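Down below is the structure, laid out as structure tokens.
None of the figures in this text is laboratory data; all of them are computed from the coordinates on show. Only a predicted model underlies this, so the values are computations on that prediction, with no experimental measurement involved. For neighbour counting, all protein chains shown are included, and Cβ atoms are generated from backbone atoms with ideal geometry for every residue, glycine included.
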Amino acid sequence: MKTRLAGRAMAVWVIAAGVAWADGAPPPPPYQMRAPLPEGDRLVPGRDADALFSNRCGACHLAGGMGTNILTKERMALGAPPESGLLVNRSDLTRSYITTVVRHGKRAMPSLSRVEVTDAELAAIARWLGKAGE
């Protein structure tokens, strides 16, 4: 019963948000407008890493998300520019660091299981974000 009510509440919110958006209100923030999960088998490598990152990590790590806000504050305290709070703007992240943080968590970020993000999905995301190499 609780799940059914939560689903109805979400549907009402989505409809209300769509009406507000159509009436000229600004669109929802990027972290609420995540990309759909790419088609295909979640266990097979080679899927669209940008869409995977948006779908799997975007609620926290797209513009306006909690993870981005926390990282921006931390990075600015170290003298880095605010745009370095967005993971896609970072060039210092390695693939192994990304994989370790996703699987084990770090401070406010919880660990994510292989059900939440499969190894193949994580490998694609880590390759895409890990601009500093392995």
Checking rank on 81-93, 114-126, with mean other Cβ inside 10 Å and highest first, the result is 114-126, 81-93
Quotient of Cα radius of gyration and Kirkwood radius for the range 65-134, i.e. Rg/Rh, equals 0.98
